[in-house]
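Bear in mind that the values in this text are calculations on the coordinates, not laboratory data. On a predicted model such as this, the values are computed, not experimentally measured, just so you know. Because the Cβ atoms are built from the backbone with ideal geometry, glycine has one as well, and the counts that use them run over all protein chains shown.
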Amino acid sequence: MPYDRLQNDAASVLRGNDRDGTTVPSPQLYPHQWNWDSSFATIGWAHLDPLRASQELERLARGQWADGMIPHIIFDPIAANYEPGPTLWRTDGHPNAPSGVRTSSITQPPVMATAARRVFDHAGGDHAVLTILRDLVPAIERWHAWFLTTRDPSGSGVPCIVHPWESGMDNATRWDAPLSRIEPGPITYRRVDDRVIAAQERPNRKDYDRYVFLVEERARLQFAPPTREDSSFLCGDVALASILCRAEEDLAYLAEKLGGQRTEAMSRRGTIAAGLHALYDPERACYDDVDLLTGERLAVEHVAGLLPLFAGVATPQQAAQMLAKLEDPIRYQTSWPIPTIPPQAPGFEAHRYWRGPVWINVNWMIADGLARTGAERVARQIAERSLAMIAQAGFREYFDARTGEGLGADSFGWTAALAIDFIDQLR
Ligand code: 9WN
């Protein structure tokens, strides 16, 4: 079979990143459990070992806060080489924080239910796997509900983020304007990422200062629900909303298959879909994020604005417009698709993370969304080009969209996991 070798290599990366039941994104750069990375890793594990896959999500649920949030990092007590570590997050001892594990105070896009559904579909009725998944349903329900209560009190349908790290697309040009208003002043912290990876592939110093400032702001506010009055960064994130919208559908499916537990998933899904629809710009064929501190839409061209395809909420006309944009040679059609922003767009940097390079998790979500709208041929091409790029450059964190060169961390978990899923789709 043409992909056998790649499949074996991908499985070795996942096994090599396994730390006692959690998959680290990359041993050198990211030695803890990250939320959406762990869920993407689960999608790979589902093909190799459904029980191991379900345990990954069980370990993620350990980090759940009393208010329902599942945090973006669960720290491994014996892995030290990452900053900011637990001391800077200052979550220890907070009444909402979980006991027994140390975590960050913010969240990440909720891929967990989508991953759990994949595990269910591969479990073949295995009792141990189904038991774990059934026990996870209430935890996922509480997390999803938290997004719409704590992070969307006005009921817009599009939850807000308090830190670019919550988007998972930290350094993206879509956050440049709201971030640029933050003046952190003198700030002391230790940074290690730019010693592991070339500095020109990582965020610059000024942005990192702002990231740390926002971490400290959450602690100063005692992790209370954010408001416009007290937050320095507050944006409605259409990509996170799209992922949540899709996850609601997957949660409803799971709850029904696992014995009919009650959830409000489909009702929340309707609210989120309506919120997304209000943010579509037909002129630009794109959904826009919103800066909640100024009330303005962030009309920034970015692949994130196409993720409503993954949610299955785009109308046929919107889907056709977005597909045309993806296939347009002067926009997203690069030698190695899909760039995070078109090379001609302001702020494009071929090697700096989230400011131009190709990401396999984005490709995977867009391909899935396109297949849902009937564009199977293009979805297949994205899968094939992604695999060709990985075969050439390795399981890297991100890739140059013009040359296919591998960038960022090596042995990257979701690149390996989603390669396994792409291979399965193409067989
Ligand atoms: C901050 C782990 C994470 C991913 C994010 C990616 C990067 C962290 C960092 O790495 O963010 O959370 O230190 O740069 O942007 O999507 O989850 O792979």
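Among His277, Leu251, Phe233, which residue has its Cα positioned farthest towards the positive end of the charge dipole of the range 233-288, with +1 placed on the Cβ of Lys and Arg, -1 on the Cβ of Asp and Glu, and the dipole taken about the Cα centre?
Towards the positive end, the residue furthest out is Leu251.
As a test of the formula, what do you get for the chain when each DSSP H run with n ≥ 4 contributes -39,500 (n - 2.57) and the sum is divided by the residue count, at 222 nm and rounded to the nearest 500 deg cm²/dmol?
-14500 deg cm²/dmol
Please give the length that would be gained between Asn204 and Leu48 if that part of the chain were fully extended, namely 0.36 nm times their separation in residues minus their C-alpha to C-alpha distance (nm, one decimal).
Details: separation 156, 0.36 × 156 = 56.16 nm, distance 3.82 nm.
Between Asn204 and Leu48, full extension yields 52.3 nm more.
Quote to one decimal, in nm, the extra length available between Ala145 and Arg181 on full extension: 0.36 nm per residue of separation minus the C-alpha distance between them.
9.9 nm
Rg and Dmax of the range 164-233 over Cα atoms: what are they, in angstrom?
According to the Cα coordinates of the range 164-233, Rg and Dmax are 12.7, 38 Å.
Can you give the longest stretch of the chain with no exposed loop site, where a site means GluC sites (Glu not before Pro) in a DSSP loop (not H, G, I, E or B) with at most 10 other C-beta atoms within 10 Å? Kindly include the intermediate steps, with their values, before the conclusion.
Values: sites that count: Glu229, Glu283.
With a cap of 10 other Cβ atoms within 10 Å, the longest stretch comes to 1-228.
Dipole of the range 4-426, Cα-centred, from +1 at each Lys and Arg C-beta and -1 at each Asp and Glu C-beta, to the nearest 20 debye? Before the final figure, lay out the partial values.
Numbers: 42 positive and 55 negative charges, 28 e Å.
Using only the charged Cβ atoms, the result is roughly 140 debye.
Label 7 Å along Cα→Cβ of Glu256; the range 127-144 residues with amide nitrogen under 18 Å?
Output list for this probe position: 134, 137-138, 141.
Distance from the Cα centre of the range 370-427 to that of the range 226-296, in angstrom?
26 Å
Membrane-span-like helices in the chain: DSSP H runs reaching 24 Å or more (Cα, own axis), mean Kyte hydropathy at least -1.0?
TM-like helix candidates: 127-149, 238-257, 376-393.
Could you give the length gained on full extension between Arg5 and Arg62, defined as 0.36 nm per residue of separation minus the Cα-Cα distance, in nm?
17.0 nm
Once you put a point 7 Å from the Cα of Ile330 and another 7 Å from the Cα of Gln317, both along the Cβ direction, what distance in nm separates them?
2.5 nm
Could you pull the Rg and Dmax for the range 336-386, using just the Cα atoms, both in Å?
Spelled out, the Cα radius of gyration and Dmax of the range 336-386 are 11.7, 33 Å.
Given C-alpha coordinates of the range 1-52, what is the ratio Rg to Rh with the Kirkwood estimate of Rh?
Across the range 1-52, the Cα-based Rg/Rh ratio is 0.98.
Can you work out the base-10 log of I(q)/I(0) for the range 294-369 at q = 0.13, 0.28 1/Å, using the Debye formula on its C-alpha atoms alone?
-0.38, -1.41
Peptides 154-163, 92-101, 15-24, 106-115: what's the order by average Cβ count within 10 Å, highest mean first?
For the peptides 154-163, 92-101, 15-24, 106-115, the packing ranking is 106-115, 154-163, 15-24, 92-101.
Only Lys, Arg, Asp and Glu count, each charged at its Cβ (+1, +1, -1, -1), so figure out the dipole size of the range 177-264 about its Cα centre, rounded to 20 debye.
360 debye
Rounded if a/c is under 1.5, else prolate if a/b beats b/c, else oblate: with a ≥ b ≥ c from the C-alpha gyration tensor eigenvalues square-rooted, which is the range 4-426?
Numbers: a/c = 1.12, a/b = 1.02, b/c = 1.09.
The shape class here is rounded.
What is the order of Leu251, Leu326, Leu258, fewest Cβ neighbours within 10 Å to most?
Working: Leu251 30, Leu326 21, Leu258 17.
In order of increasing Cβ crowding within 10 Å: Leu258, Leu326, Leu251.
Under 10 Å, Cα contacts only: if you run a Gaussian network model on the chain, which one of Ala383, Ala172, Ala393 comes out with the highest mean-square fluctuation?
Its mean-square fluctuation being the largest, the pick is Ala393.
So how far apart, in nm, are the two label points at Leu426 and Ala224 if each is 7 Å from Cα heading toward Cβ?
According to this spin-label approximation, the distance is 5.3 nm.
Counting other C-beta atoms within 10 Å, and keeping those with at most 16, which DSSP coil trypsin sites (Lys or Arg not before Pro) do you find in the range 196-234?
The qualifying sites are Arg228.
To the nearest whole percent, what portion of all C-alpha pairs in the range 308-427 is separated by more than 26 angstrom?
Details: 1077 of 7140 pairs.
Roughly 15 percent, once rounded to a whole number.
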